[in-house]
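The values are calculated or read from the model by the stated rules, or taken from the named source; none is laboratory data. If you're wondering where the values come from, they're calculated on a predicted model, not measured in any experiment. Here the Cβ positions follow ideal geometry from the backbone for every residue, glycine too, while neighbour counts run over all protein chains shown. Just the protein is used for accessible areas: all its heavy atoms, side chains included, with ligands, DNA and RNA removed. Shrake-Rupley method; radii C 1.70, N 1.55, O 1.52, S 1.80 Å.
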Amino acid sequence: LHNKQVLITGAGSGIGRAAALAFAKRGAHIIAAGTKLVPLQSLQAEVQALGVECQIYSVDVANDNAMREFAEQVHSRISAVDVLINNAGIGYIGQFLHSDLAHWQSVLNINVMGVVHGCYHFLPKMLEAGGERQVLNIASSASNFPTPSLAAYATSKYAVNGFSEVLRMELADSQIG
């Protein structure tokens with residue numbers, strides 16, 4: 001992973017932050033995206049203390065135009081990322097009949113379309129650059145073991161799993177895992 005470029009959405013906390021630090025400890029340069037700058041700035045300081053670069057970007061993964069602009073900014077610096085981690089996500093707890101559609105839309109926009117936008121805007125350059133590269137779309141055990149009151153969240157994570165399986169099939173003849 002030395003000198004590899006690793007892009008992580010939702011990097012300000014949780015799995016995204018932990019992934020950024022784990023990859024940085026192995027010599028990878030980090031491209032960290034999230035919606036809140038303060039946690040990203042804290043992560044940037046921690047990663048840079050490990051002796052690798054960390055670029056931070058405030059971006060809404062649910063917004064296609066924002067993700068396109070983000071990809072353009074990244075690609076103006078590097079030809080392609082080596083590892084793309086679509087991690088950004090939100091949860092929602094509420095029984096289906098007591099939930100509102102605005103929450104559903106938000107969960108689906110971030111958890112599903114955020115993954116789609118990440119792949120759509122970064123995969124072409126990864127394929128063009130060639131070589132071994134990886135895409136990690138973070139789902140959840142909720143996609144395998146659904147629970148009452150998690151209908152929107154489980155639905156979104158089922159979608160991420162299904163999309164990832166199809167993407168794996170479509171990329172089988174490439175060097176992208």
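The angle between the Cα long axis of helix 37-48 and the main principal axis of the chain comes to about 40°, on a 0 to 90 degree scale. Phi-derived couplings, Karplus 6.51 cos²θ - 1.76 cosθ + 1.60 at θ = phi - 60°, listed residue by residue for segment 64-76: 4, 5, 5, 5, 5, 5, 4, 4, 4, 5, 5, 6, 6 Hz, with x used for Gly and Pro. Heavy atoms only, probe 1.4 Å: what % of the accessible area of segment 85-177 goes to carbon and sulfur, would you let me know? C and S atoms contribute 60 percent here. 3J(HN,Hα) along segment 19-28, derived from phi through the Karplus expression 6.51 cos²θ - 1.76 cosθ + 1.60 where θ = phi - 60°, amounts to 5, 4, 5, 5, 5, 5, 5, 9, x, 7 Hz, with x in place of Gly and Pro. Surface calculation, 1.4 Å probe, protein heavy atoms: LEU127 sits at approximately 90 Å² accessible. In segment 40-102, the convex hull through the Cα atoms has an average projected area of 6.5 nm², a quarter of its surface area. In terms of the Cα gyration tensor, with a ≥ b ≥ c the square roots of its eigenvalues, is segment 1-109 rounded because a/c is under 1.5, prolate because a/b exceeds b/c, or oblate? Judged from the Cα gyration tensor, segment 1-109 comes out prolate (a/c at least 1.5, a/b above b/c). Here's the list of lysines a cross-link from LYS157 could span, going by alpha-carbon distance under 25 Å and ignoring same-chain residues fewer than 8 apart: LYS36.
Placing unit charges on the Cβ atoms of the charged side chains and taking the dipole of the chain about its Cα centre, the candidate lying farthest along the positive direction among SER99, THR147, VAL38 is VAL38.
Of PHE23, PHE145, the order by accessible heavy-atom surface (1.4 Å probe, DNA, RNA and ligands excluded), from most exposed downward, is PHE145, PHE23.
Taking a virtual spin label 7 Å from the Cα of LEU37 along the C-beta vector, which residues in segment 52-80 bring their backbone nitrogen under 16 Å of it? Under cut-off, by backbone N: 55-60. Loop-resident GluC sites (Glu not before Pro) (DSSP state other than H, G, I, E or B) in segment 111-177 with no more than 14 further Cβ atoms inside 10 Å of their Cβ: GLU132. With the convex hull drawn over the C-alpha atoms of segment 61-177, the volume per residue is 88 Å³. In this Cβ point-charge picture (+1 for Lys and Arg, -1 for Asp and Glu), the chain has a dipole of about 400 debye about its Cα centre. Straight-line reach from LYS125: which lysines fall under 16 Å, measuring Cα to Cα and dropping same-chain residues less than 8 apart? Within the straight-line cut-off, LYS125 pairs with LYS4.
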